[in-house]
Amino acid sequence: MKILHTSFECHPIAKAGGLADVVSALPKYQLALDVESLVVMPFYKNLFTDKNKLKNMGNGTINLNGVEFKYFIEKINSEEIPYSVCLVRIDNLIDTEHIYGYEDEKERYIAFQKALLDWLLKCNLTFDVIHCHDHHTSLIPFFINYCNEYIKLKDMATVLTIHNAQYQGQFSHDYINLLPDFSIENIGLLDWDGFVNPLAAGIKCATRINTVSPTYMEELKENACGLEGLLQSESNKFSGILNGIDTCIWNPETDRLLLRNYKISNVTSGKRANKLALCKKYGFNKDLPLFGFIGRLVYEKSADLLTDVVKEVLLKNKNCNILILGSGYEEIEKEITKLKKEFKGNFHSYIGFDEELSHLIYAGVDFLLMPSRIEPCGLNQMYSLRYGTIPIVRRTGGLKDTVIDIGDGGFGICHERASVWDITYSIYRAIDLYKNQKIFRKIQKQIMKIDNSWSKSAKKYIDLYKSI
């Protein structure tokens, strides 16, 4: 079986979030199950493409609203990637430094999809399934089924994975000429609520649709940023497959970014060594429970509540330490940064992202905070479990699917609402748990045994491919 994965992110080439980790790991685990995968993504001017050799695999031209653009397909050769990856490059359009944040994003997304399909036609390449990830590539099912230019590719089945339905890529009908020629009678397949909506078009036209957790699938039927009715009507081709994690990379026994490696048998001493490193770095008392937050400082992650949570917890009593790693909205960053001076010795933050620090936090903190308002799947809670760190989560999306509260016979701490009261109450529960070191250490060992690897999920995707 041959699968083409197409995405705007893939670790370690270019990463903005969990999408990159999924597109990186899924082909790797499918390869172990004798499924041949090719990942096609945009070219980025970054350190990874600069240090690795690129081999030209073809070129051609596409038309974008009357303007001709020449594209190049370049295969990347890297020992870090066990499957094939090809990059689409168009000078002055798809050759940016960053992944997102450009004014011409709709042109970039459409040009990328056109170039990819043109290359498939020119080289007579066929795949059993084209797997499209998020709205950036979700026009492909429409293009190959309803645009004359690519109709020869229509025998290839398509799967659309919705990683986050908040981002749909919609744009005005004024830009319809950016798209390949199609019969105007099919305009309804592109339209949603008066706009061209790529995600909606993908949902209508893909052979199958899936989300990245079963609970998120059900949640979208009730709240999908305006797509609820569409998802309900297409529910017959809708499924939820939980993401996994790459346990080769996320392994406390072999992780090169940790101060000390450890396994279940020596988790107590191993985590203590990494915790001591964090405490020394940020001036924390090593005897107090340490809470960590890793993620985007945005509304979806409830980051706007963190300042009040820290104040509520640390003003009343300073019997814990809190460490935040992330970046996002400037106003949230500023408020969090102010806390470092007010609660010196009990609070610290790093605004930005640091891969090495993130690994050390997973290994060194006692509890990981994930109070998300929206969490389609979430990978951080799985990383924390793998490293013996107890997650504190809101029951939503994949967090609900992967974390069971200790009060229900489980191993984590869960709350229902995204509120300051719920989060602080969960922290107090965690502090009480930490005081009972016997039970605390038992849970640490228990959660390290949980298998959240891609092995099971990769098989479910293969079953999905075979069904179509």
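Quick note: the coordinates plus some simple rules give every number you see, no bench work behind them. Bear in mind that the values here come from a model prediction, so they are computed numbers and not experimental data. Virtual Cβ from ideal backbone geometry, glycine too; neighbours counted across all protein chains shown.
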To two decimal places, what compactness ratio does segment 195-351 give when its Cα radius of gyration is scaled by 2.2 N^0.38 Å?
1.40
Anisotropy class of segment 264-452 from Cα gyration tensor, a/c 1.5 cut
rounded
Any idea how far the Cα center of segment 35-61 sits from the one of segment 69-123, in Å?
7
Could you calculate the contour length gain from GLU68 to GLU228, that is, 0.36 nm times the residue separation minus the distance between their Cα atoms, to one decimal place in nm?
53.8 nm
Given the rule -39500 (n - 2.57) for each run of at least 4 DSSP H residues, summed and divided by the residues of the chain, what is its mean residue ellipticity at 222 nm, to the nearest 500 deg cm²/dmol?
-11000 deg cm²/dmol
Treat the count of other C-beta atoms within 10 Å as a stand-in for reagent exposure and order ASP118, ASP134, ASP155 from fewest to most.
ASP155, ASP118, ASP134
Does segment 93-231 come out rounded, prolate or oblate, given a ≥ b ≥ c as the square roots of the eigenvalues of its C-alpha gyration tensor, rounded meaning a/c under 1.5 and, failing that, prolate meaning a/b above b/c?
rounded
Which FRET efficiency, nearest 0.05, do TYR175 and GLN446 yield, Cβ-Cβ r, R0 35 Å?
0.05
Calculated from backbone phi, Karplus (6.51, -1.76, 1.60) coupling profile of segment 228-234 in Hz, x at Gly/Pro:
4, x, 5, 5, 5, 6, 9
Sorting ARG296, ARG89 on the 10 Å Cβ count, fewest up front, what's the list?
ARG296, ARG89
Surrounding charge for THR161, neighbours by C-beta under 11 angstrom, Lys/Arg +1, Asp/Glu -1, total 0
Determine ³J(HN,Hα), in whole Hz, for all residues of segment 187-200 in sequence, where each value follows from phi through the Karplus function 6.51 cos²θ - 1.76 cosθ + 1.60 and θ = phi - 60°; x replaces Gly and Pro.
4, x, 6, 8, 7, 8, 6, x, 10, 6, 10, x, 5, 4
Tensor-based shape of the chain (alpha-carbon gyration tensor, a/c under 1.5 rounded, otherwise prolate or oblate)
prolate
In terms of Cα to Cα distance under 12 Å, which aspartates and glutamates are near enough to LYS263, apart from those fewer than 8 places away along the same chain?
GLU253, ASP255
Residues with beta-carbon under 13 Å from that of ASN145, excluding ASN145: net charge, scoring Lys, Arg +1 and Asp, Glu -1?
+1
Going by how many other beta carbons lie within 10 Å of each one, how would you line up MET382, MET1, fewest first?
MET1, MET382
Extreme residue, positive dipole direction of segment 264-452, given options ASN266, SER419, PHE343 (C-beta unit charges):
ASN266
Part-to-part distance (alpha-carbon centres) for segment 371-441 and segment 143-157, which is given in Å
46
Please compute the contact order of the chain in relative form: average sequence separation of alpha-carbon pairs under 8 Å and at least six residues apart, divided by the residue count, as a percent.
12
Antiparallel versus total DSSP beta bridges in the chain: what percent is that, nearest 5?
30
XL table LYS28/LYS75; LYS318/LYS344; LYS45/LYS301; LYS15/LYS338; LYS28/LYS271; Cα-Cα > 19 Å flagged, in table order, is LYS45/LYS301; LYS15/LYS338; LYS28/LYS271
In order through segment 149-164: 3J(HN,Hα) via Karplus (6.51 cos²θ - 1.76 cosθ + 1.60), integer Hz, x for Gly, Pro
4, 10, 4, 5, 9, 5, 6, 7, 6, 10, 10, 10, 9, 8, 7, 7
